[in-house]
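Asker: Sharing a structure with you now.
What follows is calculated from the coordinates using simple rules that are stated; it is not laboratory data. Quick caveat, the model's predicted, so the values are computed rather than measured. Every residue, glycine among them, receives a Cβ derived from its backbone with ideal geometry; neighbour counts consider all protein chains shown.
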Amino acid sequence: MAEIINAKIPLLKKGYHRMTLPFGNQKLGDEDYLHKGIDLTGKTDVSGGYDNILAFADGEVITAGYLSDTGYWVRIRHTGGIITRYMHMKKGSIKVKVGDNVKKGQVIGSMGSTGNSTARHLHFDISYPGNVVLKHGGFYVSSQNVTYVDPVPYVTGEKSIATSTATSKYTTGKYKVVRAVNVRKGAGTEHPRVMYKDFTANAKEQIKKLGGKPEDNDFPAGMILDISKVDGNFGRCPSGWISLNLCKKTDN
């Protein structure tokens with residue numbers, strides 16, 4: 001049965017949020033599966049019958065495109081590595097591009113039925129980096145090392161992503177690479193890699209001393225890095241962003 005959500009933080013511009021499929025374990029025929037977000041329908045009297053979709057919070061657009069299952073979709077990264085996803089948008093309606101900084105409540109596209117969808121709706125989900133144990137009615141850990149949570153308490157204002165358990169377990173300071181790690185231009189694997197030619201002189205010198213090969217375009221084990229900023233599981237060093245899962249804090 002559909003549920004009308006009292007959205008304190010609206011995802012649809014007209015403010016009407018009818019949830020047709022909740023977060024959690026669902027059945028598809030005889031198969032069980034986990035629905036990682038919520039499906040919403042809304043008012044149909046705008047944009048040719050497609051309500052406009054709003055950014056849930058301030059953040060950076062890290063995906064704006066098309067996949068066969070998600071249809072036209074947008075992903076936004078927020079503080080602490082939290083990611084929100086907006087799926088099945090109307091073709092041609094996406095109003096943002098990768099790298100854009102968006103504000104809470106900004107129109108990012110329109111509701112559609114593209115991809116793996118049988119009717120017009122918005123699939124919305126919230127995830128944060130890190131592994132947790134599967135809990136009934138709570139969390140799900142994907143193969144991409146992210147954890148999905150039920151979006152409803154966040155949409156109704158009972159919880160805030162700014163204070164969620166997505167807070168990084170890492171802090172700034174000196175880290176030692178324990179396993180070869182590549183360098184990214186942003187905090188996440190969706191960002192392009194930084195190649196050896198663009199590493200700092202200090203990084204190149206360390207790689208040389210450790211016997212690393214420039215053609216590998218990685219930081220080898222043993223490198224010491226100054227991490228000045230943390231975003232989820234990623235830390236920023238002078239050459240770029242690295243996964244701190246492959247490093248350990250050090251006093252050296």
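Asker: How much length, in nm to one decimal, is gained on full extension between K249 and T118, taken as 0.36 nm per residue of separation minus their Cα-Cα distance?
Answerer: Working: separation 131, 0.36 × 131 = 47.16 nm, distance 4.89 nm.
Result: 42.3 nm gained on full extension.
Asker: Also, I was wondering about something else. Given 4 °C and 1.567 mPa s, compute D for segment 173-249 with the Stokes-Einstein relation, Rh being the Kirkwood radius over Cα pairs; round to the nearest whole µm²/s. Write down the numbers at each step before the final one.
Answerer: On the way: Rh = 12.0 Å.
Rounded, D is 108 µm²/s.
Asker: Right, next: What does the charge add up to near G240, with Lys and Arg as +1, Asp and Glu as -1, over the other residues with Cβ less than 10 Å from its Cβ?
Answerer: On the way: positive: R184, K185, R193, R236; negative: D198.
For residues surrounding G240, the net value is +3.
Asker: Ranking D231, D216 by Cβ neighbours within 10 Å, fewest first, what do you get?
Answerer: Values: D231 21, D216 12.
Going from least to most buried by this count: D216, D231.
Asker: Tabulate in residue order the Karplus-calculated ³J(HN,Hα) for segment 6-22, using 6.51 cos²θ - 1.76 cosθ + 1.60 with θ = phi - 60°, rounded to whole Hz; enter x for Gly and Pro.
Answerer: 7, 7, 6, 10, x, 9, 10, 4, 6, x, 9, 10, 9, 8, 9, 8, x
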